Amino acid sequence: MTGVTLTNAVKRYGEVQTIFDVNLEIEDGEFCVFVGPSGCGKSTLLRMVAGLEETTAGKIHIGNRDVTHLDAAERGVAMVFQSYALYPHMTVEENMGFGLKMTGHPKEEIKAKVAEASRILKLDPYLKRKPKALSGGQRQRVAIGRAIVRGPEVFLFDEPLSNLDAELRVDMRVEIARLHKEIGATMIYVTHDQVEAMTLADKIVVLRAGRVEQVGKPMDLYNDPDNRFVAGFIGSPSMNFVEGEVRGGKVTVAAFGGREIITPIALPADGAKVIVGLRPQHITVSPQGPATLELRERLGAVAYDHLICADGSKIIVETRGEDSLEEGASVRLDFSDDDVFLFDATTENRLR
Ligand code: ADP
Ligand code: MG
């Protein structure tokens, strides 16, 4: 049992509180991703698990052990950072084995473990090279290899792919997914990139300003967000939000020329404002209407149409871009009532 449990975890730097009562259960062997905008507390929370930050209040368990106040070295975790921090004067082989050498492991054991990590990460051709003779992706693999060699119960990754260019990031994402399949260890992975979170995670934890907004499987968060923040954060391009007003048991949407939404969802009283959420692929664009096609971004298979609605609000619609609409055209927007997400205008919580 090497799951990770956080119970009412709190972090304060003097007067400043950055983590608020986080409760989380990460299962043995699970790939858990902490995602959220910059500054929301992802690294702080990960470093609390690692033992690199003191936990101000609450408990952290790894397996059955209460590790809340243990040193990092005693927790059975290994961390991979955004900066690879390899020793420049050591070869790949020496870099990977250095930790074990320092803790006095026998030479043969180190050799075997480095060989195993090198096989998993396909580093065999580079073992005798120094870091300066490696590409960014290869260096990051060495940093991951260094973690594997230590045989931790839990792997912790803090934005490990942020320094790589876009193409390499995709390659490394696949490598990390493969690594998790092969090793099967519990992994906690921090990123601000919701695509990385969606593609890698068994479980996503969405953080905002030091609080957990929602925890769930990637597609559950996408299909069934609890609030506007999660709805807007997960998915690319983001969900569109426009204002709606409750009238006679329906929702009237000024942005769509007064279009009425009929919904089985229990609505607040007449006159109340709600937020109407629609994913970019759930809106259709056709000629002649109260909206304006401001800009069409053609990506190849799809196009992102940037539109100005009847009430001046701006939305993005994913289309095939196959029609003859020109930028500046007057267009009609529509959607199916079934695809609408509704949120309370004040609390921003989902209306279900
Ligand atoms: P993320 O990794 O999500 O970008 P961090 O965990 O690095 O965010 O930071 C979360 C918040 O904690 C930020 O507002 C940051 O300014 C604050 N913070 C981080 N380290 C310290 C520190 N040593 N003292 C005070 N505040 C800190
Ligand atoms: Mg960070």
When Ile60 is run through (1) over 26 Å from Phe233 (Cβ atoms); (2) away from ligand 1 (no atom under 15 Å from the Cβ), the failure sits at (1)
Among the residues in the range 63-74, are any modelled with pLDDT of 95 or more, within 16 Å of ligand 2 (Cβ to nearest atom) and over 24 Å from His180 (Cα atoms)? no
#### Entry: Selection status of Met219, open to solvent by 60 Å² or more (accessible area, probe 1.4 Å), assigned by TED's automatic domain parsing to the domain that holds Gly39 and within 15 Å of the chain's Cα centre (by Cα)
yes
Sole miss for Leu207 among (1) in a strand (DSSP E or B); (2) open to solvent by 20 Å² or more (accessible area, probe 1.4 Å); (3) aliphatic (A, V, I, L, M) is condition (2)
Requiring at least 3 residues that are touching a residue at least 24 places away in the same chain (Cβ under 8 Å) and touching a strand residue (DSSP E or B) at 6+ places or on another chain (Cβ under 7 Å), the helices (runs of 4 or more DSSP H) wholly within the range 75-171 are 136-149
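Return a yes/no flag: does the range 237-255 have any residue that is closer than 30 Å to Lys42 by Cα, within 24 Å of the chain's Cα centre (by Cα) and among the hydrophobic types (A, V, I, L, M, F, W, C).
The initial filter retains those residues of the range 237-255 that are closer than 30 Å to Lys42 by Cα, namely 237-242.
Adding the requirement that they be within 24 Å of the chain's Cα centre (by Cα) leaves 237-241.
From what's left, among the hydrophobic types (A, V, I, L, M, F, W, C): 239, 241.
Looking through the range 237-255, at least one residue is closer than 30 Å to Lys42 by Cα, within 24 Å of the chain's Cα centre (by Cα) and among the hydrophobic types (A, V, I, L, M, F, W, C).
Do you know which residues across the range 273-298 are touching a residue at least 12 places away in the same chain (Cβ under 8 Å), within 30 Å of the chain's Cα centre (by Cα) and open to solvent by 50 Å² or more (accessible area, probe 1.4 Å)?
Selection gives Gln281, His282, Thr284, Leu295, Arg298.
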Here the residues within the range 21-47 that are near ligand 1 (Cβ under 6 Å from one of its atoms), outside any loop (DSSP other than H, G, I, E, B) and open to solvent by 30 Å² or more (accessible area, probe 1.4 Å) are Ser43
Of the residues in the range 299-322 that are open to solvent by 60 Å² or more (accessible area, probe 1.4 Å) and part of a loop (DSSP other than H, G, I, E, B), the one that is farthest from Ser238 (Cα to Cα) is Glu322
Being in contact (Cβ under 8 Å) with a residue 24 or more places away in the chain and open to solvent by 30 Å² or more (accessible area, probe 1.4 Å) is the requirement here; does Leu52 meet it? yes
Checked the range 57-71 for anything more than 12 Å from Ala9 (Cα to Cα), in contact (Cβ under 8 Å) with a residue 24 or more places away in the chain and in contact with an Asp or Glu (Cβ under 9 Å, 6 or more places away or on another chain); matches are Ile62, Gly63
The one condition Leu6 fails out of (1) within 16 Å of ligand 1 (Cβ to nearest atom); (2) in contact (Cβ under 8 Å) with a residue 60 or more places away in the chain; (3) within 13 Å of Ile188 (Cα to Cα); (4) part of a strand (DSSP E or B) is (2)
Among the residues of the range 100-134, the number that are among the hydroxyl-bearing types (Ser, Thr, Tyr) and surrounded by 11 or more Cβ atoms within 10 Å (Cβ to Cβ) is 2
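The values are calculated or read from the model by the stated rules, or taken from the named source; none is laboratory data. None of the values given here were measured: they were computed from a predicted structure. Virtual Cβ from ideal backbone geometry, glycine too; neighbours counted across all protein chains shown. Surface accessibility is based on the protein's heavy atoms, side chains included, excluding ligands, DNA and RNA. Shrake-Rupley method; radii C 1.70, N 1.55, O 1.52, S 1.80 Å.
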